[in-house]
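These notes concern the structure reproduced below.
A short reminder: the numbers here are calculations on the coordinates, not readings from a lab. Just so you know, these numbers come straight off a predicted model, no measurement behind them. Every residue, glycine among them, receives a Cβ derived from its backbone with ideal geometry; neighbour counts consider all protein chains shown.
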Amino acid sequence: MRLKTFTATSMAEAMDMVRSQLGEDAIIVSTTQSRADNRVEITAAVESDSPDDYATAEAQALRDHARYGANTRGFVPSEDFGADVAAAAYADEFAELLHGALSWHGVPARLAERLTQAALRVGLEDMPGSLAEALDEHFRFPGLSMDNRPVLLVGPAGAGKSIAVAKIAARSVLERRNVHVISCDLARAAAGEQLAALCRVMAVPFTEAADPRELTAMMAHTGEAKIVIDTTGLNPFQPKERGPLKELIQASGAEPVLVLPAGGDPGEAAEIAGIFATLGCRRFLPTRLDASRRLGGLLAAADAAGLAFADAGCSPYVGKGFERLDPLQLAHWLLRDPDSGVSANLTSKAAE
């Protein structure tokens, strides 16, 4: 194990020095920043057996003494390398546990490696906090837009769009905001009846639009209300089904938000997200987190399509609303034991 410390004026410059001298396989053991001059110091480790494994001549002499025997001058350094060795061991265990958790969720290998390395760079001693910082670096978490811009929910069939529409309406009612629900999902009569019944309970105006022209006309008579539009679930891999949805989006001028259930295949989730991104989606609403064990598909979708995380649907009941989805919450979900619900963690022994 080769350990080396790099000092630079910025984190980016220090990381360039690490990669240049230790290679892409280097593991970040610790990072510090001086309050006096803001200089960044990074200690990195890499598995190696080169002649310059050690930064000092004294340490090199000590290694030579162990390798070649008593005929080589031995030197017992005054510096204690124990803390560095412990830190490196902790970093290895940290990386193994974190990468294993992400792989269990089905997070694509390259994304899992990027998140693991980013979490190691953070240098925090608790794993959820480090992963949260890495997630915050890689993704965006703006939540759902609750201004007066109309929102139009889209997604594959059965994703939970109608319930999500009802939850947005319920949130608006609780915030004492005017809201109007419009359903363009005329392909399933039961879905419209269910949404209409929920709106009646909340005393929320509900109408149906058969085509883009009707939708535009209805939106012109809603006043200052927040407009929430439900759409028909479609097969995103069929271009002929995407055409009518694109017309609805253009006619409404609403923000299209993808509703995507958790638990899906990561590769397919990434493809679906990419297709809806071409229709104008910039954020997505994960659903069924209460009934899913693996969340890799959500990270794959956000990474592949550049989508931001909105709030999360963790219950099929409208009264439960949404859960705020932020980096720390997502980190806990990714690290929790699927059976006990307790987040995994690793306490650093190097600092003890």
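Name the residues whose placed amide hydrogens come within less than 5 Å of the amide hydrogen of SER183, ignoring near sequence neighbours (fewer than 5 apart) on the same chain.
Distant-sequence amide H within range of SER183: THR207, GLU208, ALA209, ASP230.
Pull out the extension gain between ALA109 and ARG149, defined as 0.36 nm times the separation in residues minus the alpha carbon to alpha carbon distance; nm, one decimal.
Gain in length upon complete extension: 10.6 nm.
Take the Cα pairs of the range 97-236, get the Kirkwood Rh, then feed it into Stokes-Einstein at 20 °C and 1.002 mPa s and tell me D in µm²/s.
My calculation gives 121 µm²/s for D.
Give the long-range amide H neighbours of LEU234: residues separated by 5 or more places, or on another chain, with amide H under 5 Å away, using H modelled in the peptide plane at 1.01 Å from N.
The answer is GLY155, ALA157.
Report the FRET efficiency, 1/(1 + (r/R0)^6), for GLU93 and ASP290, where r is their Cβ-Cβ distance and R0 is 51 Å, rounded to 0.05.
0.95
Short version: ³J(HN,Hα) in whole Hz for each residue of the range 119-132, in order, from phi by Karplus 6.51 cos²θ - 1.76 cosθ + 1.60 (θ = phi - 60°), x for Gly and Pro, what are they?
5, 5, 5, 4, x, 6, 8, 9, 5, x, x, 5, 5, 4
What residues have an amide H closer than 5 Å to that of LYS226, excluding those fewer than 5 places away on the same chain, when H is modeled at 1.01 Å from N in the peptide plane?
ASN178, VAL179, HIS180
Compute the length gained on full extension between MET11 and ARG140: take 0.36 nm times their separation in residues and subtract their Cα-Cα distance, giving the result in nm to one decimal.
Taking 0.36 nm per residue and subtracting the Cα distance, the gain is 44.3 nm.
Taking Cα pairs under 8 Å and at least six residues apart, what relative contact order does the range 244-324 come out at, in percent?
In percent, rounded to a whole number, it is 31.
Farthest toward the dipole's positive end in the range 97-196, which of LEU186, TRP104, SER162, given Cβ charges of +1 (Lys, Arg) and -1 (Asp, Glu) about the Cα centre?
Going by the Cα projections, it comes out as LEU186.
Please give every one of the lysines within straight-line cross-link reach of LYS246, meaning a C-alpha to C-alpha distance under 23 Å, and leave out same-chain neighbours fewer than 8 residues apart.
Those lysines meeting the cut-off are LYS161, LYS226.
Could you work out how much longer the chain between ALA217 and ASN235 gets when fully extended? Use 0.36 nm per residue separation minus the Cα distance between them, nm to one decimal.
Working it through step by step, the gained length comes to 3.7 nm.
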